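The values are calculated or read from the model by the stated rules, or taken from the named source; none is laboratory data. Predicted model, so just to flag it, every value in this text is computed and none were measured. Note that each Cβ is placed from the backbone with ideal geometry, even for glycine, and that neighbours are counted across all protein chains shown. These accessible areas exclude ligands, DNA and RNA; they are computed on the full protein's heavy atoms, side chains included. Shrake-Rupley method; radii C 1.70, N 1.55, O 1.52, S 1.80 Å.
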Amino acid sequence: MKILVLSDIHGSADCLNTALSSFSDIDLLLLCGDYLNHGPRNPLPEGWNPKGVASILNPLADKIISVRGNCDSEVDEMVLTFPCLNAYSNLFFPTAERKLNGRIFVHHGHLYDREKLKTWLPKGTLVVSGHTHVTLMEEDGGLFFFNPGSISLPKCVDGKTCGLIETDEGGIKRIGLCSIDGTVIRSIEF
């Protein structure tokens, strides 16, 4: 299974279209929040079109697992046809003898810090978040933290990025950080 991870779209229909067309063979779309609004501290992103973002995402609703970002509100759920206001979500995949236990904990990144997550989650959990617009792939305290960055307003040298999680019969097989044009920047196999 291939899971495309997008975060911090911030209303950029152009960047969303680029990312989705670069990864057309995905099974699930994992959204880490901040869908439609750019937020008061951010400039308008390239191709800013919140209604366009909704019209792109809504036909994919049956593939979407999402969480609420700090720029998301109840009005967003009026135009999006999938639930997008949960603080976090969990996915589970069967696991073999791999480093990760098959659990993916998804949140935006503004409510729960690492220390809290270390007390909540079992070792071997893949923690996926956005919020900072800065890419991250690192292990800490038995948890593996993955931030795919932002597809529209990056705040790191990696540029406009997204993530790819691949699973097989043994559980979580690989995570990759990719540019929105589909180029793999770096990846880790488990």
At what distance in nm do the modelled label points of Thr119 and Ala61 sit from each other, each positioned 7 Å from its Cα along Cα→Cβ?
3.8 nm
What Kirkwood hydrodynamic radius, in Å, does the chain give when the mean of 1/r is taken over all pairs of distinct Cα atoms and then inverted?
16.3 Å
Heavy atoms only, 1.4 Å probe, whole protein assembly: order Glu166, Glu74 by accessible area, highest first.
Glu74, Glu166
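Counting only C-alpha contacts under 8 Å and six or more residues apart, can you give the relative contact order of region 57-153 as a whole percent?
That works out to 20 percent.
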What is the set of long-range amide H partners of Val5 at a cut-off below 5 Å, with H atoms built 1.01 Å from backbone N?
Leu30, Gly163, Leu164, Ile165
Sequence-distant or interchain residues sharing an amide H contact under 5 Å with Ser12, placed H: which?
Asn49
Can you list the HN-Hα couplings for region 126-138, worked out from phi with the Karplus curve (6.51, -1.76, 1.60; θ = phi - 60°), rounded to whole Hz and with x for Gly and Pro?
8, 9, 10, 8, x, 6, 7, 6, 10, 5, 7, 9, 7
Any residue on another chain or 5+ positions along whose placed amide H is under 5 Å from the amide H of Ser73 is listed here as none
So which trypsin sites (Lys or Arg not before Pro) in region 107-190 pass both tests, a DSSP loop state and at most 14 other Cβ atoms within 10 Å of the Cβ?
Lys123, Lys155
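What's the extension gain from Met78 to Phe92 if we count 0.36 nm per residue and subtract their Cα-Cα distance? Before the final figure, lay out each step's value.
Numbers: separation 14, 0.36 × 14 = 5.04 nm, distance 2.87 nm.
Between Met78 and Phe92, full extension yields an extra 2.2 nm.
As an exercise, use a Förster radius of 35 Å and the Cβ-Cβ distance of Glu166 and Asn70 to find the FRET efficiency, rounded to the nearest 0.05.
Values: r = 29 Å, r/R0 = 0.82.
Efficiency for this residue pair is about 0.75.
Express the relative contact order of the chain as a whole percentage, based on alpha carbon pairs under 8 Å and six or more residues apart in sequence.
Details: 493 pairs, mean separation 42.7, N = 190.
So the answer I get is 22 percent.
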